[in-house]
Amino acid sequence: MATVQRRCPGKAGRECGTRFRVPSQSRRRFCEVCSPPRFRESAEPPPPVATEDPGPGPIEVAVAAELDRTGRAGTIEGVALLSLARDADRLPAERRAAVIEKLLRVKAVALAGVRAAGPDPVDDIARKRAERMASA
Ligand SMILES: [Zn+2]
């Protein structure tokens, strides 16, 4: 692509004089300092749009599942626990330990008196394995 050299006249009363090269069909009169390139003139990919919410992290997922299973999801302690779990997933590592410690304390309260509802997951896996072996 043919390029031409231009000399920036400066903008807003400022002297510039920077020489710059542009494609010969470009109408750019100013250097990139005086007039940062508009988006469509740049070959760079668009800046990333605000990243989407990554969704619940592993601790939140585990806590939410436990609250669901135990029917404590709507309790004050349950909500507090979930909020701590969210923090524990999102905070930087150096602040996470304290939150997890608090989370475990609240968990003891939130799930106090809960008896394991339904089959124990480990038992469940063992039972399914036994069934598979029986039907094989
Ligand atoms: Zn300039």
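Here are the numbers for this structure:
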quantity	calculated
Region 48-89, subset part of a helix (DSSP H, G or I) and touching a residue at least 40 places away in the same chain (Cβ under 8 Å), residue farthest from R105 (Cα to Cα)	R69
Pairs where the first residue, in region 1-28, is of a type in the set (S, T, Y) and the second is more than 9 Å from the ligand (Cβ to nearest atom) and not in a strand (DSSP E or B), C-beta under 9 Å, 6+ apart	T3/S24; T3/S26; S24/M1; S24/A2; S26/E41
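Every residue, every condition in (1) of a type outside the set (S, T, N, Q); (2) at pLDDT 90 or above; (3) loosely packed, with under 12 Cβ neighbours inside 10 Å, yes or no:
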| site | (1), (2), (3) |
| --- | --- |
| T70 | no, yes, no |
| G74 | yes, yes, yes |
| V79 | yes, yes, no |
| S83 | no, yes, no |
| A88 | yes, yes, no |
| A98 | yes, yes, no |
| L103 | yes, yes, no |
| V106 | yes, yes, no |
| I125 | yes, no, yes |
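The values are calculated or read from the model by the stated rules, or taken from the named source; none is laboratory data. Model, not experiment: these values are computed from the prediction. Cβ sites come from the backbone with ideal geometry, for glycine too, and all protein chains shown count toward neighbours.
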